Amino acid sequence: MDIAQAIIMALQVWGIIGAVVAAAFLTVGIDRIDEDARGAYVFRPLLIPGVLMIWPLVLWRWWRIETQAAPWAARYRPVRASYGLAVIAMSAGIIAIVIAGLSVRQTWPADAVPVQLSEGTDG
């Protein structure tokens, strides 16, 4: 198995687990932890892509709220407290990606003669 196959397999496993979590959370869990979501079924399909991507956070928050480990006022504090750090990390990541992309950019050989691959038809 090469690296590309391992990455694809990891993404498939992540997606399968996310799909199971999304199905359970959006049918059972969301009604139990959010009073405003009870009976509101139209918006739930819109949440599927997000739950597929961040299912560990969804499970952790669901567990914290279900077990009453997080008081009502503190339910959203841990997530909001990390926003500043996330902004800094994403900004640094974008800068690093741009610098890496510019550093591995290929240059065009100046002495290469252009070659026509096929004759064009004008008609």
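The values are calculated or read from the model by the stated rules, or taken from the named source; none is laboratory data. Please read these numbers as outputs of a predicted model, since none were measured by experiment. Here the Cβ is made from the backbone with ideal geometry for all residues, glycine too, and neighbour counts use every protein chain on show.
If only residues of the range 7-47 that are modelled with pLDDT of 90 or more and within 13 Å of the chain's Cα centre (by Cα) are counted, the one that is surrounded by the fewest Cβ atoms within 10 Å (Cβ to Cβ) is LEU11. Residues in the range 25-56 that are under 18 Å from GLY15 (Cβ atoms), of a type in the set (A, V, I, L, M) and free of Cβ contacts under 8 Å to residues at least 12 places away in the same chain: LEU46, ILE54. As a summary of the residue check, VAL58 satisfies the conditions (1) in the same structural domain as LEU11 (by TED's automatic domain parsing); (2) of a type in the set (Val, Ile, Thr); (3) at pLDDT 90 or above except for the one numbered (3).
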